[in-house]
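Some notes on the structure that comes next.
The values are calculated or read from the model by the stated rules, or taken from the named source; none is laboratory data. The model shown is predicted, which means the values in this text are computed figures rather than measured ones. Counting neighbours? That spans all protein chains shown, and the Cβs are built from the backbone with ideal geometry, glycine included.
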Amino acid sequence: MAKKEGSLAKNAIFNAILTVSGVIFPLITFPYISRVLTPSGTGIYDFLYSFVGYFSMVAALGIPTYAIKACAVVRDDKIKLSQTIQEIILIQSVSTVIAVAALAVCVLFIDKISQNVLLTLVISVGLFGQVFSMNWLCSALERYTFVSIKSIAINLLCLILMFVFVKDQGDIVIYAAITCANNVISTVTNIVYLKPYFYIKPIRPYNVKRHIKPIIIFFCFTIATTIYTNVDRVMIGFMLDDTAVGLYSASYKISHIILSVVTSISAVLLPRLSYYIKNSFREEFIKIIKKATNIVMMLAIPSVIYFMFYADEAILLFLGEQYAGSVMSMRILLPTIIVIGLTNLIGIQYLVPLGKEKHVMISTLLGAVVDIIINAVLIGLIGIEGAAIGTLCAELSVLIYQAVIIRKDIKYFITGINYKTVIAIVITTIPVLTVLKIFLKVGTVWSLLISVACFGVLYLLSLIVSKNDVYVMVMAKVRSVLGKKSENVGEIKKSEDVVQISSDGIADEGNAVGKGGDSAENNDSADSEIQK
């Protein structure tokens, strides 16, 4: 391959940077857009985005996840990698044509879609453009530095455009166009950057057939995932109204932002774990799984605890009073952060590298069925809270199924969690947050600032007292970096001393020559030596 893949630590850092930027930009844009477009505006946008998402899912098949694994195992051979890439793109082109045709039929015959043709078209361009983004190749080659820098730059551009051109509810199409531009620019940039890593010239004979079975398995997995990711908003849109969709989307997006931080570390693992399994590095495989479990839980559990207490303040600050109806559904959705964190590790990072995609597919299909049934019953009875309950139950069913499947190896995940840290976090933070919530009445902003500060200190103390593996590892890395810097400073100081001694010696020699009444030629010689 053209370049050596980076270390997992470096990959994790850059993926964390990418994730943080993916959190920061929505934290800036989401409150602004939510207020400008209002719940009904965000509701119709999210409804159409979710609806079109089903067709972009058909276009993508299961390729975004499958292609990471398929390309990672041949990344050391440019010819095989190029052939694999070309076969995958060929399959994706056919599926995209089918998906676009099916969407066109829906636009013609479904009233709620046909009434918003322009908005649907713009959203479609963005989503279908993303299908060919080749992010999966960046992941397979572990090019997280490029992905992070590119994404931050494009997001910054779109952020500026959003504040300049989106001024009121009537600018919803402009908002969709900016979002669409984000995806299209990202796709073009990826293609330009990745060209040196594979051959454009066709490498035949193609063996498309070898990809069909695993892609179908991943496609079924994607169907199930997309269904209970988007079905809530689609069902709410048909069963209730656009405002209800906007309120539910608000709670879902905030919990999803938190979830993206939690799963950012494990997102870099799939190509490396696939590589380890291919080369029979079982011990390294298990070691990474344990470490990832600890990291995910140490991020998920505190996040859920804190926002359970301060969901109302968070929504009030970031979205405004018109989204107050989202608080309860957000609290119901928060535990899914822990559940999804675990299912992501078990399913995508453990079962997929081991070639057990079938079980991932079955578990997500089970979750989709549970979600649809509960939504059908509860949305009409209790509104958006019913959809939140459906999502939580769906995620729990996925976790239970996967845990049963890996029951012989579940010990790797169980032992990966530092229970002393969990207990320390629970017994220190919950009482303090309870007291602050009851007695601290200083306004929304100050309540959040003070509670975050107190919570952060208690969380750090919990890590220190329990000697959490992640904390110990990070501190060891920090000490190592600081130690190297000290050594470098020492070496520089020594070098300066040597230079000073040499300079003094040359100066003394020059003075001696001058006192001896030597000629100008000798002085020029001394100057020449100094220059050298």
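Counted as qualifying within the stretch 380-466 are the helices (runs of 4 or more DSSP H) with 2 or more residues that are over 26 Å from the mean Cα position of the chain (by Cα), namely 384-405, 419-439, 444-465.
Scanning the stretch 352-362 for residues that are assigned to a helix (DSSP H, G or I) and surrounded by fewer than 21 Cβ atoms within 10 Å (Cβ to Cβ) gives 358, 359, 362.
When you check residue 111 against the structure, is it among the charged types (D, E, K, R), out of contact with any helix residue (DSSP H, G or I) (no Cβ under 8 Å at 6 or more places or on another chain) and touching a residue at least 12 places away in the same chain (Cβ under 8 Å), yes or no?
Details: among the charged types (D, E, K, R): yes; out of contact with any helix residue (DSSP H, G or I) (no Cβ under 8 Å at 6 or more places or on another chain): yes; touching a residue at least 12 places away in the same chain (Cβ under 8 Å): no.
For residue 111, the condition - among the charged types (D, E, K, R), out of contact with any helix residue (DSSP H, G or I) (no Cβ under 8 Å at 6 or more places or on another chain) and touching a residue at least 12 places away in the same chain (Cβ under 8 Å) - is not met.
Annotation note: Cβ proximity below 7 Å between a residue of the stretch 447-470 that is under 21 Å from residue 437 (Cα atoms) and not assigned by TED's automatic domain parsing to the domain that holds residue 298 and a residue that is aromatic (Phe, Trp, Tyr) and surrounded by 13 or more Cβ atoms within 10 Å (Cβ to Cβ) (sequence gap 6+ or interchain) occurs for 448/310; 451/310; 455/306.
Conditions (1) at pLDDT below 90; (2) surrounded by fewer than 21 Cβ atoms within 10 Å (Cβ to Cβ); (3) in a loop (DSSP other than H, G, I, E, B), marked per residue:
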{"site": "98", "(1), (2), (3)": "no, yes, no"}
{"site": "103", "(1), (2), (3)": "no, no, no"}
{"site": "108", "(1), (2), (3)": "yes, yes, no"}
{"site": "129", "(1), (2), (3)": "yes, yes, no"}
{"site": "133", "(1), (2), (3)": "yes, yes, yes"}
{"site": "137", "(1), (2), (3)": "yes, no, no"}
{"site": "145", "(1), (2), (3)": "yes, yes, no"}
{"site": "163", "(1), (2), (3)": "no, yes, no"}
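Filtering the stretch 168-179 to residues that are closer than 13 Å to residue 36 by Cβ and modelled with pLDDT under 90 leaves 168, 169, 170.
May I ask you to verify whether residue 250 is surrounded by 17 or more Cβ atoms within 10 Å (Cβ to Cβ), in the same structural domain as residue 81 (by TED's automatic domain parsing) and modelled with pLDDT under 85? Judged against the criteria, residue 250 is not a match.
Taken over the stretch 432-445, residues that are modelled with pLDDT of 85 or more and exposed (fewer than 13 other Cβ atoms within 10 Å of the Cβ) amount to 2.
Filter the stretch 188-209 for residues that are surrounded by fewer than 19 Cβ atoms within 10 Å (Cβ to Cβ) and either within 21 Å of residue 39 (Cα to Cα) or not aliphatic (A, V, I, L, M) (or both) and give the result.
Applying the first criterion (surrounded by fewer than 19 Cβ atoms within 10 Å (Cβ to Cβ)) to the stretch 188-209 yields 188-189, 191-196, 199-209.
Scanning the stretch 188-209 gives 189, 193, 195, 196, 199, 201, 202, 204, 205, 206, 207, 209.
Residues in the stretch 175-186: is at least one part of a loop (DSSP other than H, G, I, E, B) and closer than 17 Å to residue 133 by Cα? The answer is no, given that none of the residues of the stretch 175-186 is part of a loop (DSSP other than H, G, I, E, B) and closer than 17 Å to residue 133 by Cα.
Look at residue 65 and say whether it is surrounded by 15 or more Cβ atoms within 10 Å (Cβ to Cβ), more than 21 Å from residue 179 (Cα to Cα) and within 25 Å of the chain's Cα centre (by Cα). Break it down stepwise before answering.
Numbers: surrounded by 15 or more Cβ atoms within 10 Å (Cβ to Cβ): yes; more than 21 Å from residue 179 (Cα to Cα): yes; within 25 Å of the chain's Cα centre (by Cα): yes.
Here the answer is yes, as residue 65 does meet what is asked.
For first residues located in the stretch 296-319 and assigned to a helix (DSSP H, G or I), partners that are at pLDDT below 85 and among the aromatic types (Phe, Trp, Tyr) and lie 6+ apart or on another chain with Cβ distances below 7 Å form the pairs 318/30. With the structure loaded, tell me whether residue 202 is over 30 Å from residue 348 (Cα atoms) and assigned by TED's automatic domain parsing to the domain that holds residue 256 or whether it fails that test. Against the criterion (over 30 Å from residue 348 (Cα atoms) and assigned by TED's automatic domain parsing to the domain that holds residue 256), residue 202 qualifies.
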